[in-house]
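What follows is one structure encoded as structure tokens, with my remarks underneath.
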Amino acid sequence: MPRFQEVLLLVGQLNYTWTNTESLLIYLIAGLAKVDKETAIIIFLTLNTTRARIELVERLAKMPKTLAPCRQAVLTVTDKLIRQAKLRNKYSHCIYSFDETGNHASTQLMRIVDGKNEVRYGKIEEIDEKEINKIHDSIERIRDINKDIWSIVEENSFPR
């Protein structure tokens, strides 16, 4: 399979895995805020960014009414999610370039970096075997986070 197809399939899998796992924050919101799932969905959808959703979950977990074991489990899982967000964001917010054979791939980041005397943008990075392995690893870690969230939901009898 040309690198072009491999990268697109992996990025699709990364985004699917991420979105599926991020949506589980709904159950953490419901349980921590002590609301029903429908209310938690409205709260989740009202927040525009992953970061805002994670911050809400973390703040709810830090409230005094949250038992220490639950608080620690939630903060551990949100920390893991934040660590995986960097790679996911890179591949969700870039331009892809492939040579005419479809075997040499690179990304161009769509971010501006303001220096003291210059503006830089569009950092280009090759998608080599090491990078492919990072994506595979991230997908597995996100799947593990998914399982961790379900464990928290079950252990704390959060609404489902």
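The values are calculated or read from the model by the stated rules, or taken from the named source; none is laboratory data. The structure displayed is predicted, hence computed values, not measured ones. Neighbour counts run over all protein chains shown; Cβ positions are idealised from the backbone, glycine included. In case anyone asks, the SASA skips ligands and DNA or RNA and just uses the protein heavy atoms, side chains included. Shrake-Rupley method; radii C 1.70, N 1.55, O 1.52, S 1.80 Å.
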What percent does the relative contact order of the chain come to when contacts are Cα pairs within less than 8 Å and at least six residues apart?
-> 33
Give a residue-ordered list of calculated ³J(HN,Hα) values for the range 67-82 (Karplus: 6.51 cos²θ - 1.76 cosθ + 1.60, θ = phi - 60°; whole Hz; x for Gly, Pro).
-> 5, 3, x, 5, 4, 5, 4, 5, 5, 5, 5, 5, 4, 4, 5, 4
Comparing ASP114, ASP137, ASP128 in a Gaussian network model of the chain (Cα, 10 Å), the one with the largest mean-square fluctuation is ASP114
Across 10 Å bins beginning at 0, the whole-percent shares of Cα-Cα pair distances in the chain come to 10, 34, 27, 19, 9, 1
If we count every other residue with Cβ under 15 angstrom of PRO159's Cβ, Lys/Arg +1 and Asp/Glu -1, where does the sum land?
-> -1
Over 27 Å between alpha carbons, listed pairs LYS65/LYS86; LYS62/LYS147; LYS37/LYS80; LYS37/LYS65; LYS86/LYS130 = LYS65/LYS86
Using a 1.4 Å probe over the heavy atoms of the protein chains, calculate the carbon and sulfur portion of the accessible area of the chain as a whole percent.
-> 53
How much FRET efficiency would the formula 1/(1 + (r/R0)^6) give for GLU155 and ASP99, where r is the Cβ-Cβ distance and R0 is 41 Å, rounded to 0.05?
-> 0.25
Extension gain from GLU118 to ASN48, taking 0.36 nm per residue of separation minus the Cα-Cα distance = 22.1 nm
Before rounding to the nearest 500, sum -39500 (n - 2.57) across all DSSP H runs of length at least 4 in the chain and divide by the residue total; then give [θ] at 222 nm in deg cm²/dmol.
-> -21500 deg cm²/dmol
Helix 129-155 axis, angle to the chain major axis (alpha carbon atoms, nearest 10°) | 10
Listed residues ARG141, ARG111, ARG59, most fluctuating in the chain (Gaussian network, C-alpha, under 10 Å) = ARG111
Using a 1.4 angstrom probe, figure out how much accessible area the chain has per residue, in square angstrom, rounded to the nearest whole.
-> 61
Binned at 5 Å from 0, what are the whole-percent values of the Cα-Cα distance distribution for the range 19-69, short to long?
-> 4, 24, 33, 25, 11, 3
Sorted by accessible area (1.4 Å probe), largest first, how do SER157, SER138, SER151 line up?
-> SER157, SER151, SER138
Whole-Å distance linking the alpha carbon centroid of the range 100-120 with that of the range 25-96 is 30
